[in-house]
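Dumping the structure here so I can ask a few things about it.
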Amino acid sequence: MAQKCVLFLLWLSGRSLAGFPNQINIGGLFMRSTVQEHSAFRFAVQLYNTNQNTTEKPFHLNYNVDNLESSNSFSVTHAFCSQFSRGVYAIFGFYDKKSMNTLTS
């Protein structure tokens, strides 16, 4: 009985790991003038993806970046929606008081 229970738990854990995606899409919204922030974002993703320890890196990160000319609410909202239409799980970027109310609504 105990052996069946252990086998069932092993099977169940294998099924739960198989359901987790091996690639995660993340997005970035940066002002066109903020080259350093964009470079730091790309570097962090590359550093994570080149880590050889598979226990610390269970998935591969893909990133989509939109560079914005201005922080008006229309361009930020359009870029935000565009990111989610590409299937991103999270968006990293700048904080701007003018457009934050639009994004949180």
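Throughout, read-outs are computed from the coordinates displayed, never taken from laboratory work. Values in this document were obtained by computation on a predicted structure and should not be read as measured data. Glycine gets a Cβ as well: all are built from the backbone with ideal geometry, and neighbour counts include every protein chain shown.
Sort H38, H60 so that the residue with the fewest other Cβ atoms within 10 Å of its own Cβ comes first and the one with the most comes last.
Ranked by crowding around the Cβ, least crowded first: H60, H38.
How about the stretch 36-86: which chymotrypsin sites (Phe, Trp or Tyr not before Pro) there lie in a loop by DSSP and see at most 13 other Cβ atoms within 10 Å?
Passing sites in the stretch 36-86 are F59.
Could you calculate the contour length gain from A90 to M31, that is, 0.36 nm times the residue separation minus the distance between their Cα atoms, to one decimal place in nm?
Difference between extended and current length: 19.5 nm.
Subtracting the Cα-Cα distance from 0.36 nm times the residue separation, let me have the gained length for S73 to S39 in nm, one decimal.
This chain segment gains 9.8 nm when fully extended.
If you don't mind, another one. Can you pull the one-decimal nm distance between simple spin-label points at L61 and Y48, each 7 Å off the Cα toward Cβ?
For L61 paired with Y48, the spin-label model returns 0.3 nm.
Ordered by residue, what ³J(HN,Hα) values in Hz, to whole numbers, does the stretch 30-44 give under the Karplus form 6.51 cos²θ - 1.76 cosθ + 1.60, where θ = phi - 60° and Gly and Pro are x?
Result, rounded to whole Hz: 9, 5, 4, 7, 9, 5, 5, 5, 5, 5, 5, 4, 4, 5, 5.
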